[in-house]
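Worksheet for the structure shown next.
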Amino acid sequence: MVTTWPSWPGRSARPQTAHRVAVQRDLPVPMPDGVVLLADRYVPRGAVRPPTILIRSPYGRRGMFGLMYGRAFARRGFQVVMQSCRGSFGSGGLPNPLDEHDDGLATLTWLRGQPWYGGSLAMHGPSYLGYAQWAIAAEAGPDLKAMATSVTASQFRDAAYVGGAFALESSLIWTTLTASIDSPFGALTAPRRTRRAALSGRPLAELDVLSAGRAVPFFQDLLTHHADPAAYWGRRDFSASVGEVEAAVTMVGGWYDVFLPWQVKDYLAMRAAGRRPQLTIGPWYHADVRQTRAANADALSWFRAHLMGDLSGLREQPVRLFVTGADEWRDHPDWPVPGMRPQRWHLRPGGGLDPGGPEDSGPDRYRYDPAHPTPALGGPVLLGNSEPRDNRRLEARRDVLVYTGPELREDTEMIGPVSAELYLRSSTGHTDVVVRVCDVHPGGASYNVCEGVRRLTPGDPVPDADGVRRVEVDLWPIGHRFRRGHRIRVHVASGAYPRVARNLGTGDPLGTGSAMVIADQEVFHDPSRPSAVVLPLVPR
């Protein structure tokens with residue numbers, strides 16, 4: 001599906017005279033343990049101690065990043081400090097991914113000691129650069145006035161172990177990318193090398209060598225701590241302190257981004273704490289250049305407002321959403337949007353789906369074979385285009401149950417969180433449940449809208465006397481119009497490979513398991529076991 005989206009509607013701040021920019025290279029920033037990190041400082045000529053934007057990155061501070069962040073914001077009157085994280089691009093020490101708290105706070109201490117620091121600070125950046133902001137935001141102090149985060153979250157644990165499974169493709173892509181970050185073609189070839197390794201069928205613990213050319217400690221740590229994440233992720237999870245952040249925060253995400261569910265949770269945590277963050281969700285995926293442009297425009301207006309007092313670029317409503325299917329932007333006072341109500345669409349016998357009550361019926365059955373795992377067509381991934389794809393080829397498989405609603409008589413908008421409640425009986429205690437919502441066009445094409453996965457283990461969820469488990473699955477949130485004449489469709493499967501590592505059915509360790517057990521699955525949808533997907537209906 002080729003789609004041309006309307007352009008970003010954000011209002012820019014009043015045009016300002018563009019400054020000439022001077023650059024100081026390789027400023028040494030000492031850490032408490034004696035390691036020295038390097039930073040570049042972009043300075044608008046003629047400005048005296050202007051507000052500072054701090055950007056901490058493992059991807060370098062020059063080239064494209066220097067242009068997009070350093071020079072672009074310095075031309076608009078900010079001084080920008082771009083620092084390479086530990087063990088990257090000249091900074092000392094060994095790389096320690098996601099452990100950014102101590103180095104970040106030490107960098108703030110160093111900043112405050114510089115004669116050119118004016119006492120007013122912002123932080124900016126997407127993905128890992130946004131996570132590095134959350135790592136120190138709650139302790140940054142009152143001179144941190146604003147943050148601009150995009151396609152990111154305050155913790156990456158739940159994105160790595162999505163639904164308790166393992167986000168194989170995205171995790172391996174990042175491993176491969178960072179292992180070859182110095183190569184000019186590293187980012188371009190990482191997705192292809194990753195997919196080739198993931199589809200090799202080898203145990204997961206061998207895939208970093210196949211994809212990146214060497215064993216990568218970060219990838220091995222992800223595998224080792226899958227069963228007991230607290231030991232590794234305790235000092236890498238900053239979600240508990242999001243509500244304590246006093247700086248003004250703007251968030252930009254994408255409907256097809258790998259971190260969207262947890263970015264929305266950060267927004268809700270700030271709202272619960274009485275904060276007033278700004279949230280924008282567009283028709284973007286993680287590495288989408290359109291998202292980058294929109295996020296930079298959003299950040300510039302946000303920083304001018306909160307560090308320079310120029311309110312001309314701020315919008316009236318804090319939540320801005322692009323409604324796919326309608327192809328238009330909407331502004332709202334909050335998320336979830338006012339008027340939204342959850343609507344249950346029940347699975348029906350014979351592959352039906354509608355909001356009516358469940359019927360007496362027997363279960364539907366399918367067999368999942370981890371030796372031939374159910375693939376995924378589309379869906380959020382770290383690198384590559386994650387826009388919707390036609391899923392008809394997937395729907396023809398015998399290991400995918402398909403439920404389709406009636407032709408819609410009017411445009412139907414769903415904006416908000418999506419979940420599923422399934423009643424499942426499996427021949428094995430270890431299995432996965434994948435649920436996907438699709439928009440079926442009049443010609444028959446079936447485009448994925450959102451999806452989610454849940455990994456089951458013996459006793460979780462607890463089965464009833466007949467061995468049936470009530471399984472709740474969180475899907476990606478959506479903002480979508482199902483047009484008149486279209487149909488809503490739901491998939492139920494047990495794999496989305498290689499985006500999600502296949503469940504071998506044995507409970508063996510994630511990295512080394514190789515034995516496989518076939519799972520015979522039964523999905524119930526009778527009045528006592530009313531399987532359904534819960535969609536966020538917004539009445540027109």
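The values are calculated or read from the model by the stated rules, or taken from the named source; none is laboratory data. Note that the coordinates shown come from a computational prediction; the quantities given were computed from them, not determined experimentally. Ideal geometry is used to build each Cβ from the backbone, glycine not excepted, and the neighbour counts take in all protein chains shown.
Give the residue, chosen from R157, R202, R214, R196, that is at negative phi and in contact with a helix residue (DSSP H, G or I) (Cβ under 6 Å, 6 or more places away or on another chain).
On the way: R202 fails: in contact with a helix residue (DSSP H, G or I) (Cβ under 6 Å, 6 or more places away or on another chain); R214 fails: in contact with a helix residue (DSSP H, G or I) (Cβ under 6 Å, 6 or more places away or on another chain); R196 fails: in contact with a helix residue (DSSP H, G or I) (Cβ under 6 Å, 6 or more places away or on another chain).
Answer to the check: R157.
So which residues in the range 19-58 are closer than 23 Å to A137 by Cα, in contact with a strand residue (DSSP E or B) (Cβ under 7 Å, 6 or more places away or on another chain) and among the basic types (K, R), if there are any at all?
R41, R56
Got at least one residue in the range 59-67 being farther than 23 Å from L383 by Cβ and in contact with a strand residue (DSSP E or B) (Cβ under 6 Å, 6 or more places away or on another chain)? Outline the logic, then answer.
In the first step, residues of the range 59-67 are kept if they are farther than 23 Å from L383 by Cβ; the result is none.
Looking through the range 59-67, none of the residues is farther than 23 Å from L383 by Cβ and in contact with a strand residue (DSSP E or B) (Cβ under 6 Å, 6 or more places away or on another chain).
Have a look at D474, D439 and point out the one that is of a type in the set (D, E) and farther than 21 Å from S171 by Cβ. So that I can check it myself, show each step before the final result.
Values: D474 fails: farther than 21 Å from S171 by Cβ.
Every option except D439 fails the conditions.
How many of the residues making up the range 461-506 are assigned to a strand (DSSP E or B) and not β-branched (V, I, T)? Give the steps one after another, and end with the answer.
Initially, the range 461-506 is screened for residues assigned to a strand (DSSP E or B), giving 469-482, 487-493, 497.
Now drop any that are not not β-branched (V, I, T), which leaves 469-470, 472, 474-477, 479-482, 487, 489, 491, 493, 497.
Of the residues in the range 461-506, 16 are assigned to a strand (DSSP E or B) and not β-branched (V, I, T).
Kindly establish whether V492 is under 20 Å from P536 (Cβ atoms), crowded, with 23+ Cβ neighbours inside 10 Å and out of contact with any Lys or Arg (no Cβ under 9 Å at 6 or more places or on another chain). Even if it seems obvious, please write down each step before you answer.
Working: under 20 Å from P536 (Cβ atoms): yes; crowded, with 23+ Cβ neighbours inside 10 Å: yes; out of contact with any Lys or Arg (no Cβ under 9 Å at 6 or more places or on another chain): no.
So V492 fails the test.
Any residue at all in the range 180-195 that's surrounded by fewer than 21 Cβ atoms within 10 Å (Cβ to Cβ), polar (S, T, N, Q) and in contact with a Gly (Cβ under 9 Å, 6 or more places away or on another chain)?
Scanning the range 180-195 turns up at least one residue that is surrounded by fewer than 21 Cβ atoms within 10 Å (Cβ to Cβ), polar (S, T, N, Q) and in contact with a Gly (Cβ under 9 Å, 6 or more places away or on another chain).
List, please: which pairs have Cβ atoms under 6 Å, are six or more places apart or on different chains, and start with a residue in the range 267-288 that is on the phi < 0 side of the Ramachandran plot and end with one that is assigned to a helix (DSSP H, G or I) and among the charged types (D, E, K, R)?
W284/R290
Answer yes or no: is there a residue in the range 285-295 that is surrounded by 17 or more Cβ atoms within 10 Å (Cβ to Cβ), touching an Asp or Glu at 6+ places or on another chain (Cβ under 8 Å) and part of a strand (DSSP E or B).
yes
Quick check on the range 28-56: of everything there that is within 32 Å of the chain's Cα centre (by Cα) and not in a strand (DSSP E or B), which residue is farthest from M123 (Cα to Cα)? Write out each step before concluding.
Looking only at the range 28-56, we keep the residues that are within 32 Å of the chain's Cα centre (by Cα), and these are 29, 31, 35-42, 51-56.
Now narrow it down to the ones that are not in a strand (DSSP E or B): 31, 35, 51.
Working: M31: 19, V35: 23, P51: 11 Å.
Across the range 28-56, the extreme among qualifying residues is V35.
Output the number of the condition that W134 fails; it satisfies all remaining conditions of (1) surrounded by 23 or more Cβ atoms within 10 Å (Cβ to Cβ); (2) modelled with pLDDT under 95.
For W134, the failing item is (2).
Please verify whether the range 173-183 includes one or more residues that are among the aliphatic types (A, V, I, L, M), more than 23 Å from R293 (Cα to Cα), at pLDDT 95 or above and part of a helix (DSSP H, G or I).
no
Exactly one condition in (1) in a strand (DSSP E or B); (2) more than 16 Å from L537 (Cα to Cα); (3) acidic (D, E) is false for E407; which is it?
Result: E407 passes all but (1).
Is it the case that G46 is out of contact with any helix residue (DSSP H, G or I) (no Cβ under 7 Å at 6 or more places or on another chain), at pLDDT below 95, farther than 24 Å from P115 by Cβ and loosely packed, with under 15 Cβ neighbours inside 10 Å?
Considered against the rule, which asks whether it is out of contact with any helix residue (DSSP H, G or I) (no Cβ under 7 Å at 6 or more places or on another chain), at pLDDT below 95, farther than 24 Å from P115 by Cβ and loosely packed, with under 15 Cβ neighbours inside 10 Å, G46 comes out as no.
Which of the strands (runs of 3 or more DSSP E) contained wholly in the range 296-392 include at least 1 residues that are more than 24 Å from the chain's Cα centre (by Cα) and within 23 Å of A532 (Cα to Cα)?
Values: elements: 319-323, 328-332, 341-348, 352-354, 364-368.
Hits in the range 296-392: 341-348, 352-354, 364-368.
In the list G362, G352, G384, G405, which residue meets the criterion of being of a type in the set (G, A, S) and at pLDDT below 95?
Details: G362 fails: at pLDDT below 95; G352 fails: at pLDDT below 95; G405 fails: at pLDDT below 95.
Only one candidate passes the filter, namely G384.
Is one or more of the residues making up the range 68-85 modelled with pLDDT of 95 or more, surrounded by fewer than 16 Cβ atoms within 10 Å (Cβ to Cβ), part of a loop (DSSP other than H, G, I, E, B) and in contact with a strand residue (DSSP E or B) (Cβ under 8 Å, 6 or more places away or on another chain)?
Within the range 68-85, none of the residues are modelled with pLDDT of 95 or more, surrounded by fewer than 16 Cβ atoms within 10 Å (Cβ to Cβ), part of a loop (DSSP other than H, G, I, E, B) and in contact with a strand residue (DSSP E or B) (Cβ under 8 Å, 6 or more places away or on another chain).
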